[in-house]
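The values are calculated or read from the model by the stated rules, or taken from the named source; none is laboratory data. Everything numeric in this text was worked out from a predicted model, so none of it was measured. Glycine gets a Cβ as well: all are built from the backbone with ideal geometry, and neighbour counts include every protein chain shown. For the accessible areas, the whole protein counts, side chains as well, though only heavy atoms, and no ligand, DNA or RNA atoms are used. Shrake-Rupley method; radii C 1.70, N 1.55, O 1.52, S 1.80 Å.
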Amino acid sequence: MTTLKVSVGADDHVKGDENAPCTLVEYGDYECPHCARAVPIVKRLEKHFGKRLRLVFRHFPLSQLHPHAESAAETAEFAAAGGKFWEMHDLLFDNQDRLGMALYEELVEELNLSGSEWSKALESKVYLPHVRDDFAGGVRSGVNGTPTFFINGKRNNGPFDYEYLAQAIDDALRAHTG
Amino acid sequence: MATLLTPGTLAPEFRLPVTPDQKLGLNELRGKPVILAFYPADWSPVCGDQMALYNEILPEFRKYGAELLGISVDGAWCHEAFAKERNIHFPLLADFEPKGAVARAFGAYREEDGMAERALFVIDKDGTIRWSYCSPIAVNPGADGILDALEALPK
């Protein structure tokens, strides 16, 4: 069984109740169309499970395939430093077909973050180590493409449609209380 | 599922086209660990399919001095187009004629489909298989097993 090797910690972007009995960790790439397709599915899971589910998003940019994936991840990290990770995460996926510096600049402004600090951050690559660490930890955990989901630390090997994931989360919740 | 050659076995020698006009033999890589990744076919539709993923992880493999070879029954021209489109930076070998002969020699051929399994081998610098793994055909095995096996090789 393939399991998550890097446990959820202070460096992670977490949404939901800290004490939730189920944690869904997603490894994703902002330029991957399958990841964009997963966004509404994850939102539906979030709504359905409420306080029982906590979400974590980690970066897994396939840069050889997706030239904008890494800079998008760095921009999301920049937004995270301003407390707006999830807002940026959603906006990047919503605008996947326009990824690039012009879009990031626009989104940074939209979220009332500093454009000059953003451009400095990307130039000095200050958030790149975080992105690369996420990637390396993902590789060690058996991430095999994007998106890859871990449900309470166990890699989801099935499809990532709503029904399948909801069932897997139900199973994890049952195991938790059982 | 096919029965793979097991750790401790000497890897069968082979020489396969790596481009339409070049061949590569396993013995040319003696002295370095070799990762052999058999896979069913080029042009898998998923983002970060197995070969695209390994392409991304290549620097990690190189830290162990290891060479990575992808192998499928696709022809050299097909591999060339695939590697170009996906920006692949490691050799893809064409186990094309006689079809699947190398996959067969490693116990990694699927008779029913006429393709290689998703099978991984880590071969040490002396040519002995140190680790092998056959993934269910629909599951991309990722790279964690390879990295663990490289880690475990005697220095």
Failed item in (1) away from chain A (no Cβ under 14 Å); (2) open to solvent by less than 40 Å² (accessible area, probe 1.4 Å), with B:W77 passing the rest: (2)
Residue in segment A:1-21 that is most open to solvent (accessible area, probe 1.4 Å), counting only those that are hydrophobic (A, V, I, L, M, F, W, C) and more than 14 Å from chain B (Cβ to nearest Cβ): A:A10
Spans of strands (runs of 3 or more DSSP E) in segment B:1-65 with at least 1 residues closer than 22 Å to B:A152 by Cα and away from chain A (no Cβ under 14 Å): B:34-38
Filter result (part of a helix (DSSP H, G or I), within 14 Å of another protein chain (Cβ to nearest Cβ) and either over 21 Å from A:V108 (Cα atoms) or free of Cβ contacts under 8 Å to residues at least 60 places away in the same chain (or both)) within segment A:40-71: A:A69
Of all residues in segment A:140-154 being open to solvent by 10 Å² or more (accessible area, probe 1.4 Å) and either assigned to a helix (DSSP H, G or I) or over 14 Å from B:A138 (Cβ atoms) (or both), the one that is nearest to the other protein chains (Cβ to nearest Cβ): A:R140
Extreme residue, farthest from the other protein chains (Cβ to nearest Cβ), among residues of segment B:94-118 that are open to solvent by 20 Å² or more (accessible area, probe 1.4 Å) and within 26 Å of B:G31 (Cβ to Cβ): B:A101
Filtered residue count, segment B:119-146, keeping only those that are within 14 Å of another protein chain (Cβ to nearest Cβ) and surrounded by 22 or more Cβ atoms within 10 Å (Cβ to Cβ): 5
